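All of the numbers you see were taken from the coordinates with simple rules; none came from a lab. This structure is a prediction, so every number in the text was calculated from the model and none was measured. Here Cβ is always computed from backbone atoms with ideal geometry, including for glycine, and neighbour counts include all displayed protein chains.
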Amino acid sequence: MEMPTQIVSASYLSKIQLHRAGVILYCVIEGKVYFLFARDRRTYDLCDFGGHRDDHDPNALATALREFREESGGIFAQHKVSLRQIALYDDNMAILFLPIATDRYASVIKKFQHNIEVTALCWIDEKQLQTLVYHSNGQHEHLWSLTAKFLRGSVAHLCMLLKQLYIV
């Protein structure tokens, strides 16, 4: 039986190994959470900056940060990670949520250059995320099915926590 998705600290990810891990950046503007997603080069779906564990990754946190650097083209190389940040995880995967300063909200998309996995970046707000997670059929935007399934049931609680934790 599959373990339900749980909210944990980033430090917990440094103690476990998972098949897949990734990162989603977020910021809070006027009380609303905005999430930065990657646009997959092949499917054009929105997805986290994530991927599969490599043999040399010592833990899930290392997998998430390596995939984040690779898929973002290194534009967040100086991004600080606090072990107090939160992540969603189950027995197969984890997504780490990292805050980004609101003054970088617009500039990250301009700095990004497409790569072999990601063609673009896209900010979506918490309401759009809620819609994509639960009602992606027929929508203009599509959230990668694995990410949508993983986030299902967690979006409202996650947004509340991220608003409380938002410090950059």
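Some points to look at:
- The alpha-carbon of residue 149 sits under 19 angstrom from the alpha-carbons of these lysines, leaving out residues fewer than 8 places away in its chain: 127.
- A simple spin-label model places pseudo-atoms 7 Å from Cα toward Cβ; at residue 41 and residue 116 they are separated by 0.7 nm.
- Under 5 Å between amide hydrogens, built in the peptide plane, is the criterion, and for residue 118 it picks out 41 among residues at least 5 positions away or on other chains.
- For the chain, the relative contact order comes to 31 percent (Cα pairs under 8 Å, sequence separation of at least 6).
- ³J(HN,Hα) computed for each position of segment 19-28 - Karplus, 6.51 cos²θ - 1.76 cosθ + 1.60, integer Hz, glycine/proline x: 5, 9, 8, x, 10, 10, 7, 8, 9, 10
- The H on the amide N of residue 33, modeled in the peptide plane, is under 5 Å from the matching H of 126, each at least 5 residues off or on a different chain.
- Total formal charge among the other residues, if their Cβ is under 14 angstrom from that of residue 53, Lys/Arg +1 and Asp/Glu -1: -4
- For the chain, the direction-averaged projected area of the alpha-carbon convex hull comes to 9.5 nm².
- Placing +1 on each Lys and Arg Cβ and -1 on each Asp and Glu Cβ, with no other charges, gives the chain a dipole about its Cα centre of roughly 380 debye.
- Packing order of peptides 34-40, 45-51, highest average first: 45-51, 34-40 (average count of other Cβ atoms within 10 Å over each peptide's residues).
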